[in-house]
Amino acid sequence: MSLDFSNRVLLSISVAAALVYLTGWLPFPAQVLAKGLTVSILAIIAFRCRQPLLGLALSFGSLGDVLLDLDPGRLFVFGLGAFLLGHLTYITLFIRRRLSRQDLAPRSKTRWAIVAFLLVYVIAFSVRLSPWLGALAAPVYAYMGTITLMAMAAVFAGFRRPWAVAGAICFVASDSILGAAKFGGGIPGRDFLVWSTYCLAQYGLTLGCLAESGYGADTTSVS
């Protein structure tokens, strides 16, 4: 079952807002609005499709986007907290999906390999970043642990299509780039890399979850 016309229009507006924010053409207040609209519109689509947990997770993400854009220095911890709540909501969504489906295929070697890679990567990244975290070490480690659990929960949720899992992995990649740039020094093309991987993450999670619930185009299943 595909998205209806209204939701396709909303999705188009979200993509347009994401591209406008990426270009940086607008002045400061309008840029914040474009950034906030990108994911908040995805939340509206999720609520319209009767997926409240998905909508709530996306709403927290949109709040984090706005907070980090308004004042990335003073509001960093609050933005981090909003994303943390979003990841906890995603974890709840994925666990509920796993528990409600008794016909899912057994956990495959591919899924275990993805999870092993995530764990090795996050541990190595945490060790590399630790000298620069200072007083923010505790909240950053809490966040990194939570986003890792979110990605693992997505892998083991048993999605038949790859979009949600790909989105979760893109989320880890996006936040890794952001963290490395904030605490470890400048990264060429940081803004482009962070925003593009973040958008891929939220679009992948949104469309992947909606496809599994009966919305979106069918694709080849993955083991």
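FYI, it's all coordinate maths here, none of it is from the lab. Note that the structure is predicted; figures quoted are calculated from it, not measured. Cβ: placed from backbone, ideal geometry, glycine included. Neighbour counts: every protein chain shown.
Roughly how large, in nm² to one decimal, is the mean projection of the convex hull of the alpha-carbon atoms in segment 5-212?
With the hull built on Cα positions only, its mean projection is 11.6 nm².
Return the whole-Å distance between the Cα centroid of segment 1-34 and the Cα centroid of segment 149-164.
26
Return the ratio Rg/(2.2 N^0.38 Å) for segment 1-78, where Rg is computed over Cα atoms only.
Its radius of gyration relative to the 2.2 N^0.38 Å reference: 1.16.
For the chain, what relative contact order do you get, as a whole percent, if you take Cα pairs closer than 8 Å and at least 6 residues apart?
21
Ranked from highest to lowest mean number of other Cβ atoms within 10 Å per residue, what is the order of the peptides 134-146, 153-165?
Packing proxy ranking, top to bottom: 153-165, 134-146.
Sum -39500 (n - 2.57) across every DSSP H segment of at least 4 residues in the chain, then divide by the residue count to get the 222 nm mean residue ellipticity, nearest 500.
-26500 deg cm²/dmol
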